[in-house]
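The values are calculated or read from the model by the stated rules, or taken from the named source; none is laboratory data. Since we're looking at a predicted model, the values are computed, not measured. Because the Cβ atoms are built from the backbone with ideal geometry, glycine has one as well, and the counts that use them run over all protein chains shown. Ligands, DNA and RNA are excluded from the accessible area calculation, which covers all protein heavy atoms including side chains. Shrake-Rupley method; radii C 1.70, N 1.55, O 1.52, S 1.80 Å.
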Amino acid sequence: VQLVESGGGLVQAGDSLRISCAVSGRSISSSAMGWFRQAPGKEREFVATINWSGKMISYADSVKDRFIISRDNAKNTVYLQMNSLKPEDTAVYYCVDRLGAPKTDASEYVYWGQGTQVTVSS
């Protein structure tokens, strides 16, 4: 199973950005998918997760009402739409995949992408 993130970049505070995660090696139709992020000098933190049907979604309080996670099982891809970006959103964003229910604990995920850098300037 391979997860490949894309779409990161440098934006200004208040801008929007959508990052994607394409999965190969197996279908994600039975998988919970999610996003974590890690800023320099900080621990990896939960951002958002979505169950296989897209009907169960959770967000970290820090991104709630600004970020939207979605998925397209036909394209084997999960997305993270990030709006009203803040400098504190600067981090490497990682896509994750697991069979079963979505989790907010990073240790519950076996499959990780290589990450995509998102930098928000003030």
Open item on the list: Tally up the residues in region 73-119 that are aromatic (Phe, Trp, Tyr) and closer than 20 Å to residue 39 by Cβ, please.
Closed with: 4
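Please find, within region 71-82, the residue that is surrounded by the most Cβ atoms within 10 Å (Cβ to Cβ) out of those that are in contact with a strand residue (DSSP E or B) (Cβ under 6 Å, 6 or more places away or on another chain) and farther than 11 Å from residue 21 by Cβ. Talk me through it step by step, then tell me what you get.
Filtering region 71-82 down to residues in contact with a strand residue (DSSP E or B) (Cβ under 6 Å, 6 or more places away or on another chain) leaves 71, 76-82.
Still in the list and also farther than 11 Å from residue 21 by Cβ: 81-82.
Values: 81: 13, 82: 26.
Per the stated criteria, the residue is 82.
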- [ ] Filter region 83-122 for residues that are open to solvent by less than 80 Å² (accessible area, probe 1.4 Å), part of a strand (DSSP E or B) and either modelled with pLDDT under 95 or basic (Lys, Arg) (or both) and give the result.
- [x] 98
TODO: Have a look at 62, 29 and point out the one that is surrounded by fewer than 18 Cβ atoms within 10 Å (Cβ to Cβ), without any contact (Cβ under 8 Å) to a residue 60 or more places away in the chain and under 27 Å from residue 10 (Cα atoms).
DONE: 62
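Out of all the residues in region 43-52, is one or more open to solvent by 40 Å² or more (accessible area, probe 1.4 Å), over 13 Å from residue 20 (Cα atoms), assigned to a loop (DSSP other than H, G, I, E, B) and touching a residue at least 60 places away in the same chain (Cβ under 8 Å)?
To start, the set of residues in region 43-52 that are open to solvent by 40 Å² or more (accessible area, probe 1.4 Å) comprises 43-45, 52.
If we keep only those that are over 13 Å from residue 20 (Cα atoms) as well, we get 43-45, 52.
Those left that are additionally assigned to a loop (DSSP other than H, G, I, E, B): 43-44, 52.
Still in the running and touching a residue at least 60 places away in the same chain (Cβ under 8 Å): 44.
So far as region 43-52 goes, yes, one or more of its residues are open to solvent by 40 Å² or more (accessible area, probe 1.4 Å), over 13 Å from residue 20 (Cα atoms), assigned to a loop (DSSP other than H, G, I, E, B) and touching a residue at least 60 places away in the same chain (Cβ under 8 Å).
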- [ ] Mind listing whichever residues of region 1-20 are exposed (fewer than 13 other Cβ atoms within 10 Å of the Cβ) and not in a strand (DSSP E or B)?
- [x] 1, 14, 16
